[in-house]
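The values are calculated or read from the model by the stated rules, or taken from the named source; none is laboratory data. Source: prediction; values computed, not measured. We place every Cβ from the backbone using ideal geometry, glycine too, and count neighbours over all the protein chains shown. With ligands, DNA and RNA removed, areas are computed over all heavy atoms of the protein, side chains included. Shrake-Rupley method; radii C 1.70, N 1.55, O 1.52, S 1.80 Å.
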Amino acid sequence: MIWILIVLSFAVAGVITARVARRRFVRGALRAVHRSRARINRFKLTRKAHVRETLLADDAIASAVSAHAAENSMTEVAAWKQVERYIDEIVPFFNILTYYRIGLVVSRLLLNFFYKVSAEYAGQSAQSAQSAQSAQSAQSALPRDAVVIYLMNHRSNADYVLVGYVLSGQVAISYAVGEWARVFPLEHIFKSFGAYFIRRKYGEKLYHTVLERYVQLITLNGVTQGIFLEGGLSRDGKIGKAKIGLLDYVLGAARDPALRKRLYIVPVAINYDRVLEDRSLLRELDAREGRKRPPKRAQAAEVARYVWWNLARLVARRWKRYGRASVVIGEPLSVAAWLDARAREGDDIFAIDRTERLAQVQALADAALEKIAALVPVTPVSLACAALQSLDGDFVSHARLVERMSDMRDVLRELNARVIHRDGDIEEIFDRAWRMLSMRRILVKTGSGYSILPRNRPLVSYYANSIAHLLGPFADGVRARDSLPALAAGIVNVL
């Protein structure tokens, strides 16, 4: 009897301790939210079961179920079960404790461990606004009840964390995440942060109807979303083609006149001095060109060497950050103004057929991507790599390289590009780039200049490509010496 009482006592104590700990964590999360003055959309806190019931009661999904069952010679019961699986796969469960008490703290630690993070708002001068706080304060220019869709270029998987961190004092962003993250524990983590999952290049109409209605449901309820407009990571460093699937879904919610006035699109440009997965992306590019990828054993060994080398540097107190991770937030575009302009020209996108509507949405996406391209921040490494690639030969003298970097920076300033250290000493900018380029054995010092190691020349092209479109008279020379294969143009109007 005494043992039963002891066990029960421990069980009760455990329950009480867990509840007290949870309350303390929740209170801490709420304090973090209040300190950052972030806006949390109420719908993000809605239980997943309620979202599921709402989608299952949707007339558009019911019609799609009937059509799918007829086309595939299956019962509607089986089709509804398929819908339930899609809903479970797509719909997240935002957790305020995970996002603000854990995710924000971890992202701050990791980002500042690997990078020096800078952010600015395009409405301010490039000389100012070099902090996340200034970018956040600039975003207050949006109406309080605005429904904001951030359209971004995609450089690294760290983009999810970087933009979320930069805007954490304003909003909690819901991202569209691809299948790569549907593994344990990433799937649980992303869903607890409010991210929803999508299947890219999956053509089933029923699935796309469920996804479309979910995206429109959260848009109608004011959820802030982040969409990578290129649809995937850049393999060659260049800005890719705009893909309009998710953007078309979002605009479909603007049929509601009340939402239309509140809906805004904000372009966001991202760049790094070092993309953590750059070599993997280049290998994928090689594989698309028919070259063999190294075996998984070799890739695992490379990762192990990377981890061991960095741990050794950390223990020896020789750790250095990977330079800049930079974000530029563009000026918002009112969707209502864009729709009104289309209607005045006789192209009401809700009255024309689907093909014409997608053409209009494509034009909007292309215009947004052009704005993103114009905002891409010029980091020291990207500027140095562009200068290296614009010069002939594998050896470049120090004086010639620094002079070319200075000439390029002058052009960038004239074109109002967002240059990190735009008014600093050019030798100092090169020194910042040199730390990274020498550490990675991309450049080695030879006499009065530098040699580019042949096996790492693709990395020079990769980083130069990120800003080649901004370089005016130097752009053709940088592109002409690109050592990477050209990506074949793909279908644009897919997710």
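Within the range 308-322, the set of residues being part of a helix (DSSP H, G or I) and either of a type in the set (D, E, K, R) or surrounded by fewer than 10 Cβ atoms within 10 Å (Cβ to Cβ) (or both) comprises Arg313, Val315.
Can you find a residue that is under 18 Å from Pro267 (Cβ atoms), β-branched (Val, Ile, Thr) and part of a helix (DSSP H, G or I) anywhere in the range 239-250? Yes, the range 239-250 has at least one match. Counting only residues that are free of Cβ contacts under 8 Å to residues at least 60 places away in the same chain and open to solvent by less than 10 Å² (accessible area, probe 1.4 Å), the range 168-193 holds 4 of them.
Determine which member of the set Ala126, Ala135 is part of a loop (DSSP other than H, G, I, E, B), at pLDDT below 95 and either over 25 Å from Pro267 (Cβ atoms) or open to solvent by less than 50 Å² (accessible area, probe 1.4 Å) (or both). Exactly one residue qualifies, and that residue is Ala126. Counting residues in the range 399-420 that are touching a residue at least 60 places away in the same chain (Cβ under 8 Å) and hydroxyl-bearing (Ser, Thr, Tyr) gives zero.
Within the range 70-89, restricting attention to residues that are more than 25 Å from Tyr196 (Cβ to Cβ) and among the hydroxyl-bearing types (Ser, Thr, Tyr), which residue is most open to solvent (accessible area, probe 1.4 Å)? Among those residues, the one meeting the criterion is Ser73.
Say whether the condition of being within 30 Å of Lys320 (Cβ to Cβ), in contact with a strand residue (DSSP E or B) (Cβ under 6 Å, 6 or more places away or on another chain) and surrounded by 19 or more Cβ atoms within 10 Å (Cβ to Cβ) is met by at least one residue in the range 235-255.
Of the range 235-255, the ones within 30 Å of Lys320 (Cβ to Cβ) are 235-239.
Adding the requirement that they be in contact with a strand residue (DSSP E or B) (Cβ under 6 Å, 6 or more places away or on another chain) leaves none.
The answer is no; no qualifying residue exists.
Scanning the range 259-290 for residues that are open to solvent by 10 Å² or more (accessible area, probe 1.4 Å), touching a helix residue (DSSP H, G or I) at 6+ places or on another chain (Cβ under 9 Å) and assigned to a helix (DSSP H, G or I) gives Arg260, Arg279, Ser280, Leu282, Arg283, Asp286.
If you go through the range 48-69 and pick out every residue that is without any contact (Cβ under 8 Å) to a residue 60 or more places away in the chain and either surrounded by 13 or more Cβ atoms within 10 Å (Cβ to Cβ) or on the phi > 0 side of the Ramachandran plot (or both), you end up with 5. Among the residues of the range 70-106, those identified as without any contact (Cβ under 8 Å) to a residue 60 or more places away in the chain, in a helix (DSSP H, G or I) and in contact with a helix residue (DSSP H, G or I) (Cβ under 7 Å, 6 or more places away or on another chain) are Glu76, Trp80.
Restricted to the range 397-430, and to residues that are part of a loop (DSSP other than H, G, I, E, B) and open to solvent by less than 70 Å² (accessible area, probe 1.4 Å), which residue is farthest from Trp319 (Cα to Cα)? Spell out the reasoning first.
Of all residues in the range 397-430, those part of a loop (DSSP other than H, G, I, E, B) come to 415-418, 420-425.
With open to solvent by less than 70 Å² (accessible area, probe 1.4 Å) added as a condition, the list becomes 417-418, 420-422, 424.
On the way: Ala417: 31, Arg418: 28, Ile420: 23, His421: 23, Arg422: 27, Gly424: 25 Å.
Per the stated criteria, the residue is Ala417.
Of all residues in the range 437-476, those satisfying the criterion of being open to solvent by less than 30 Å² (accessible area, probe 1.4 Å), in a helix (DSSP H, G or I) and modelled with pLDDT of 95 or more are Leu437, Leu459, Val460, Ser461, Tyr462, Tyr463, Ala464, Asn465, Ala468, Leu470, Ala475. Screening Ala433 with (1) farther than 25 Å from Leu233 by Cα; (2) buried (at least 17 other Cβ atoms within 10 Å of the Cβ) gives one miss only, at (1).
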